[in-house]
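S.K.: Let me give you the structure first, and then I'll get to my questions.
The values are calculated or read from the model by the stated rules, or taken from the named source; none is laboratory data. This is a predicted model, so every value here is computed, not measured. Virtual Cβ from ideal backbone geometry, glycine too; neighbours counted across all protein chains shown.
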Amino acid sequence: MKPGVEDKQKSEARPSALELAVMAADVTADLRWVLDKLPDGVLFMDREWRITYANETGRAISRLKPEELNGPTHWELFPAAIGTEQEQRYRRVMEQRVMEELEFFYPPFQIWVHLRAVPISSGIAVIFSDVTELHQAQDEAVKLTTELQQVFEATSDGVAVLNREWRYTYLNRRAKEILEGDGRKLLDQSLWNMFPETIYDGSPFVENFYRTMNDRVATTFEAYYPEPFCRWFRLEAQPSLDGLVLFFRDITRSKQYEAELLAEKAETERQKAELEAVYRTAPVGLALFDAKEFRYLRVNDRQSEVVGIRPEELLGMRIEDVVMAPAVPNLFRERVAKGEAIRDMLYETELRTRPGEVRSFNVNYSPILDEAGEVRAISAAVLEVTQLRKAERALVQSEKLAAVGRLASSISHEINNPLEAITNLLYLAQGVDRLPEEARSYLSLAQDELARVSQIATQTLRFHRQANKPSRVTAAQLVDAVLNLFAGRLLNSGIHVEAGYGTAVSILCFENDIRQVLNNLISNAMDAMRTGGRLFVRAHDAVNSETGEAGVKIIVADTGTGMSSCTQRRLFEPFFTTKELNGNGLGLWISRQIVERHCGRLTFRSAQGTLLHGTVFALFLPCESSELQA
Ligand code: ADP
Ligand code: MG
């Protein structure tokens, strides 16, 4: 504050008891004694402005020596006072006999003085004190406030001060920018003017502001302020001596960013989970190998299924521990190690978990490179194509078979007419008179053989023709037809056939299909008796033990090699064969399906002992199957 004079409401100033006493009485010795003890300075001046008395404090503040009393005038002693407000006031007191109060800076002593001047009978009395320290403290406070305001103006946070009545007493530049954007003026306005009903209820603003105002605790929170701001704020409310101070910041951008980041993260997580699931459940074997030793680093479910080893065991194993054919991995190993990708490589091998079974795979390898371009790992996608390869071969085979069948049927059709002609001719020839007895017997033999030929031809034809309606046949009819076909082969391979039928019941079935089943069973039996043996075919009435249905059971038994337990476990699998190129492994698989369609059952027992060896297949067919409608 500028050095100068402050007017202290002189009109209202009233003399104190001391001043009244001073004014009323001449200074007695007693009074002087009292005055000397006063903390305030006291001076008396006569009408010629000579200082007639100064108490101890008065002398100290005015730097008066005792010899200067009753000598020089006040104006000689304090020339700096001449022409100042102080002089004017003193003269008013002296002349007009009024009381004056003032505060002023006295430059020669660099002090602030607060004084009251009162008229007394001998002149005037001055009661005063040194208030320099008080002034300095005030100055400091003002300076501090100014500095603080400068800081507040400069900060990027909004700062607002509210009094106890919730009215704004201060808003910094940023607070005005944020809150007075629409041109309104907030100073002296109530904070709550800005809060519509909608955000009043249960609003974090209300809750926290009241807490700070009433409980005098600081609160920090983030909240969304809807219309008209539509922004997120981060606020800190601090209790002040007279209300509260708000620090706030617009965090809408960072909130948006945060939300975007969160959404992005969730999306990434989702994609990752999706990929994980696809990887795990893909119907293709997927694996990751290390580039040096080809050890499994990661495998999916299918890969582990294909090689028959649980994923946790497979991890860390080398590829050679899994497959038997090492040459091919060595070959691709070099190529992949150089960073080359390998596509659609057909790889045939036995697996160590299933020796004796050649499996086909479509293999794809791609190197995974690091930033330096080095091969760090190798990813593999493996599709098992064993079934496909077998199916391909079987298709070729069955195409051939079908062609043969068609050929056979057209042949049998073609030869039927000449056969009939020959039969008739033979009959006529037999009727010729004078035929030697010998010739007649030859003709009769020829007629028998011809009958067999004609029967085979007709049966072949019937065999080929596909029926689309079930028909009624007896077990004997079914079995005989098949045995007839094999009669020649059976005889040549030294197999003795024993057929017997203890049933005459006719069953409803697709005749050709059931013949195909019997055909499979008998040809399997023949395959098992390469060096001869005995084939038993029997049929008898039977009952399904589970359903109580009546039916027929046909038994086909051989004294062949029998089956190992491994073969017994797998013989109904498609493409399972122990005959390499002579079998396609489809016979029993198809047979079982035909039998199931007829609601029948196909069971077997087999033994490989030295004395007792062979296989028995039992085929049960119900007389009337509900599934087949005649
Ligand atoms: P394929 O005859 O083409 O091999 P199948 O499905 O008819 O196919 O038979 C599967 C396998 O079952 C045969 O390869 C054979 O090992 C075994 N098998 C079937 N019947 C007999 C049998 N009577 N005696 C010994 N093994 C048999
Ligand atoms: Mg077979």
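S.K.: Could you run through segment 520-535 and say how many residues are of a type in the set (S, T, N, Q) and more than 10 Å from ligand 2 (Cβ to nearest atom)?
M.R.: Looking only at that region, the number is 1.
S.K.: Check Gly405 against each of (1) assigned by TED's automatic domain parsing to the domain that holds Asn300; (2) in contact with a helix residue (DSSP H, G or I) (Cβ under 9 Å, 6 or more places away or on another chain); (3) not hydroxyl-bearing (Ser, Thr, Tyr) and name the one condition it does not meet.
M.R.: For Gly405, the failing item is (1).
S.K.: Looking only at residues in segment 306-318 that are part of a helix (DSSP H, G or I) and without any contact (Cβ under 8 Å) to a residue 12 or more places away in the chain, which one is nearest to the chain's Cα centre (by Cα)?
M.R.: The qualifying residue nearest to the chain's Cα centre (by Cα) is Glu312.
S.K.: Here is a follow-up. Name the one entry in Arg376, Arg393, Arg359, Arg352 that is over 21 Å from Ala287 (Cβ atoms) and out of contact with any Phe, Trp or Tyr (no Cβ under 6 Å at 6 or more places or on another chain). Before the answer, list the steps.
M.R.: Details: Arg376 fails: over 21 Å from Ala287 (Cβ atoms); Arg359 fails: over 21 Å from Ala287 (Cβ atoms); Arg352 fails: over 21 Å from Ala287 (Cβ atoms).
Residue meeting the stated conditions: Arg393.
S.K.: Might you check whether a residue that is farther than 20 Å from Leu485 by Cα and away from ligand 1 (no atom under 12 Å from the Cβ) occurs anywhere in segment 578-592?
M.R.: No, because not a single residue in segment 578-592 is farther than 20 Å from Leu485 by Cα and away from ligand 1 (no atom under 12 Å from the Cβ).
S.K.: Based on this model, can you work out whether Val278 counts as at pLDDT 90 or above, exposed (fewer than 14 other Cβ atoms within 10 Å of the Cβ) and not assigned by TED's automatic domain parsing to the domain that holds Val161?
M.R.: When the stated conditions are applied, Val278 passes them.
S.K.: Can I ask one more? Which of the following residues is among the basic types (Lys, Arg) and under 30 Å from Asp188 (Cα atoms): Arg164, Arg91, Arg97? Let's see the steps before the verdict.
M.R.: Working: Arg91 fails: under 30 Å from Asp188 (Cα atoms); Arg97 fails: under 30 Å from Asp188 (Cα atoms).
From the options Arg164, Arg91, Arg97, the qualifying one is Arg164.
S.K.: Within segment 557-592, work out how many residues are outside any loop (DSSP other than H, G, I, E, B), under 47 Å from the mean Cα position of the chain (by Cα) and within 14 Å of ligand 2 (Cβ to nearest atom).
M.R.: 5
S.K.: Among the residues of segment 286-306 satisfying the criterion of being under 20 Å from Arg335 (Cβ atoms) and small (Gly, Ala, Ser), which is surrounded by the most Cβ atoms within 10 Å (Cβ to Cβ)?
M.R.: Ala287
S.K.: Criterion first (under 24 Å from Arg216 (Cα atoms) and either touching an Asp or Glu at 6+ places or on another chain (Cβ under 9 Å) or not charged (D, E, K, R) (or both)) does Leu179 satisfy it?
M.R.: no
S.K.: Considering only residues of segment 483-515 that are touching a Lys or Arg at 6+ places or on another chain (Cβ under 8 Å) and loosely packed, with under 13 Cβ neighbours inside 10 Å, which is farthest from Val556 (Cα to Cα)?
M.R.: Gly502
S.K.: On to the next question. Just to be sure before I move on: is Val151 over 30 Å from Val98 (Cα atoms) and of a type in the set (Val, Ile, Thr) in the structure I sent? Write out each step before concluding.
M.R.: Details: over 30 Å from Val98 (Cα atoms): yes; of a type in the set (Val, Ile, Thr): yes.
Yes, satisfied.
S.K.: Quick one: what pairs do we get from segment 110-128, first residue farther than 19 Å from Ile61 by Cα, second among the acidic types (Asp, Glu) and part of a loop (DSSP other than H, G, I, E, B), C-beta under 7 Å, 6+ apart or different chains?
M.R.: Ser121/Asp26; Ser122/Asp26
S.K.: Kindly indicate which of Val517, Val552 is within 16 Å of ligand 2 (Cβ to nearest atom) and among the β-branched types (Val, Ile, Thr).
M.R.: Residue meeting the stated conditions: Val517.
S.K.: Just to check your reading of the model, which residue among Pro79, Pro72 is free of Cβ contacts under 8 Å to residues at least 40 places away in the same chain and within 12 Å of Asp46 (Cα to Cα)?
M.R.: Going through Pro79, Pro72 in turn, just one is free of Cβ contacts under 8 Å to residues at least 40 places away in the same chain and within 12 Å of Asp46 (Cα to Cα): Pro72.
S.K.: Assess whether Leu628 counts as being closer than 24 Å to Ser398 by Cβ and surrounded by 16 or more Cβ atoms within 10 Å (Cβ to Cβ).
M.R.: Numbers: closer than 24 Å to Ser398 by Cβ: no; surrounded by 16 or more Cβ atoms within 10 Å (Cβ to Cβ): yes.
Considered against the rule, which asks whether it is closer than 24 Å to Ser398 by Cβ and surrounded by 16 or more Cβ atoms within 10 Å (Cβ to Cβ), Leu628 comes out as no.
S.K.: Looking at segment 186-302, what strands (runs of 3 or more DSSP E) fall wholly within it and have at least 1 residues that are touching a helix residue (DSSP H, G or I) at 6+ places or on another chain (Cβ under 7 Å), among the polar types (S, T, N, Q) and free of Cβ contacts under 8 Å to residues at least 24 places away in the same chain?
M.R.: Once the strands (runs of 3 or more DSSP E) in segment 186-302 are filtered for at least 1 residues that are touching a helix residue (DSSP H, G or I) at 6+ places or on another chain (Cβ under 7 Å), among the polar types (S, T, N, Q) and free of Cβ contacts under 8 Å to residues at least 24 places away in the same chain, what remains is 219-225.
S.K.: In segment 559-577, what count of residues is obtained for those that are at positive phi and within 7 Å of ligand 1 (Cβ to nearest atom)?
M.R.: So the count comes out to 1.
S.K.: Just the residues that are among the hydrophobic types (A, V, I, L, M, F, W, C) and either buried (at least 17 other Cβ atoms within 10 Å of the Cβ) or modelled with pLDDT of 95 or more (or both), please, taken from segment 224-250.
M.R.: Answer for segment 224-250, where residues must be among the hydrophobic types (A, V, I, L, M, F, W, C) and either buried (at least 17 other Cβ atoms within 10 Å of the Cβ) or modelled with pLDDT of 95 or more (or both): Trp232, Phe233, Leu235, Ala237, Leu244, Val245, Leu246, Phe247, Phe248.
S.K.: Do we have any residue at all in segment 568-590 that's without any contact (Cβ under 8 Å) to a residue 60 or more places away in the chain and over 28 Å from Lys400 (Cα atoms)?
M.R.: yes
S.K.: Do we find that Ile555 is crowded, with 18+ Cβ neighbours inside 10 Å and not basic (Lys, Arg) in this structure?
M.R.: No.
S.K.: If the requirement is being more than 12 Å from ligand 1 (Cβ to nearest atom), surrounded by fewer than 17 Cβ atoms within 10 Å (Cβ to Cβ) and not hydroxyl-bearing (Ser, Thr, Tyr), which of these qualifies: Arg534, Arg538? I'd like the intermediate steps shown before the answer.
M.R.: Numbers: Arg538 fails: surrounded by fewer than 17 Cβ atoms within 10 Å (Cβ to Cβ).
Result: Arg534 is the single residue among Arg534, Arg538 that is more than 12 Å from ligand 1 (Cβ to nearest atom), surrounded by fewer than 17 Cβ atoms within 10 Å (Cβ to Cβ) and not hydroxyl-bearing (Ser, Thr, Tyr).
S.K.: So, one more: Kindly list the number of the only condition in (1) within 15 Å of Gly600 (Cβ to Cβ); (2) away from ligand 1 (no atom under 16 Å from the Cβ); (3) not polar (S, T, N, Q) that fails for Ala487.
M.R.: Of the numbered conditions (1) within 15 Å of Gly600 (Cβ to Cβ); (2) away from ligand 1 (no atom under 16 Å from the Cβ); (3) not polar (S, T, N, Q), the odd one out for Ala487 is (1).
S.K.: For Val543, work out the one condition from (1) over 55 Å from the mean Cα position of the chain (by Cα); (2) within 14 Å of ligand 2 (Cβ to nearest atom) it doesn't fulfil.
M.R.: For Val543, the failing item is (2).
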